[in-house]
Amino acid sequence: MPELNIYEVSASYLMISNYGEAIKETNFWESDHARAGYCYLSWNAGAGRLLLPPMWESFLPDMSAAEYVIVSRGPWAPAGGHDALEILFEDHSDNPFVVHIGIEQTDRRLADDTSGFLFTVWMRGAEILRRPGHYRRVARLPWLKPWRSAKS
């Protein structure tokens with residue numbers, strides 16, 4: 001069943017119309033935030049959906065190399081210890097692709113005991129990547145550790 005979520009992002013509104021885990025419609029790509037290069041992480045129906053602005057297109061090969069995605073939540077040292085998320089695209093290399101976002105760039109906070117979920121990446125209204133996702137709380141960000149390593 002379609003679901004409409006409207007989230008206030010600074011002075012403008014971000015609208016996301018959901019159809020289960022899919023994004024049916026959103027105004028994200030026309031927003032000032034997308035034009036400035038900020039991504040946004042939305043959650044619905046057990047799926048994390050990372051919305052990317054057009055300027056991120058060159059990073060798609062790095063993201064696509066991932067076997068799964070790890071979302072870690074914790075205080076982000078470079079941002080003064082504010083709550084943030086690390087989105088690590090685990091490709092088992094020494095240098096996996098990673099994105100750090102402030103908690104204001106997501107519409108939900110997951111429970112600490114959240115188990116596996118679906119993680120998708122979206123550009124201009126189309127899903128372009130689908131991977132299993134894992135979630136964890138960590139002592140600090142950046143964390144940059146594999147899923148099976150010591151958790152916080």
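The values are calculated or read from the model by the stated rules, or taken from the named source; none is laboratory data. These numbers were taken from a predicted model, which means no experiment stands behind them. Here Cβ is always computed from backbone atoms with ideal geometry, including for glycine, and neighbour counts include all displayed protein chains.
Quick check, is Arg108 closer than 18 Å to Tyr135 by Cα, touching a residue at least 24 places away in the same chain (Cβ under 8 Å) and not in a strand (DSSP E or B)? Judged against the criteria, Arg108 is a match.
Beta carbons closer than 8 Å, at least 6 apart along the sequence or on distinct chains, never pair a first residue in segment 45-60 that is over 20 Å from Glu30 (Cα atoms) with a second that is polar (S, T, N, Q) and assigned to a helix (DSSP H, G or I). Among what's in segment 106-139 and is touching a helix residue (DSSP H, G or I) at 6+ places or on another chain (Cβ under 8 Å) and at pLDDT 95 or above, pick the residue that is surrounded by the most Cβ atoms within 10 Å (Cβ to Cβ). Filtering segment 106-139 for residues that are touching a helix residue (DSSP H, G or I) at 6+ places or on another chain (Cβ under 8 Å) and at pLDDT 95 or above, the one surrounded by the most Cβ atoms within 10 Å (Cβ to Cβ) comes out as Val121. Hey, does segment 67-79 have a residue that's under 26 Å from Gly116 (Cα atoms), modelled with pLDDT under 95, in a strand (DSSP E or B) and among the hydrophobic types (A, V, I, L, M, F, W, C)? Yes: segment 67-79 contains one or more residues that are under 26 Å from Gly116 (Cα atoms), modelled with pLDDT under 95, in a strand (DSSP E or B) and among the hydrophobic types (A, V, I, L, M, F, W, C).
Arg137: out of contact with any His (no Cβ under 8 Å at 6 or more places or on another chain) and in contact (Cβ under 8 Å) with a residue 40 or more places away in the chain, yes or no?
yes
Do we find that Asp62 is of a type outside the set (Val, Ile, Thr), outside any loop (DSSP other than H, G, I, E, B), closer than 23 Å to Pro146 by Cβ and in contact with a helix residue (DSSP H, G or I) (Cβ under 8 Å, 6 or more places away or on another chain) in this structure? I'd like the intermediate steps shown before the answer.
On the way: of a type outside the set (Val, Ile, Thr): yes; outside any loop (DSSP other than H, G, I, E, B): yes; closer than 23 Å to Pro146 by Cβ: yes; in contact with a helix residue (DSSP H, G or I) (Cβ under 8 Å, 6 or more places away or on another chain): no.
The answer is no for Asp62.
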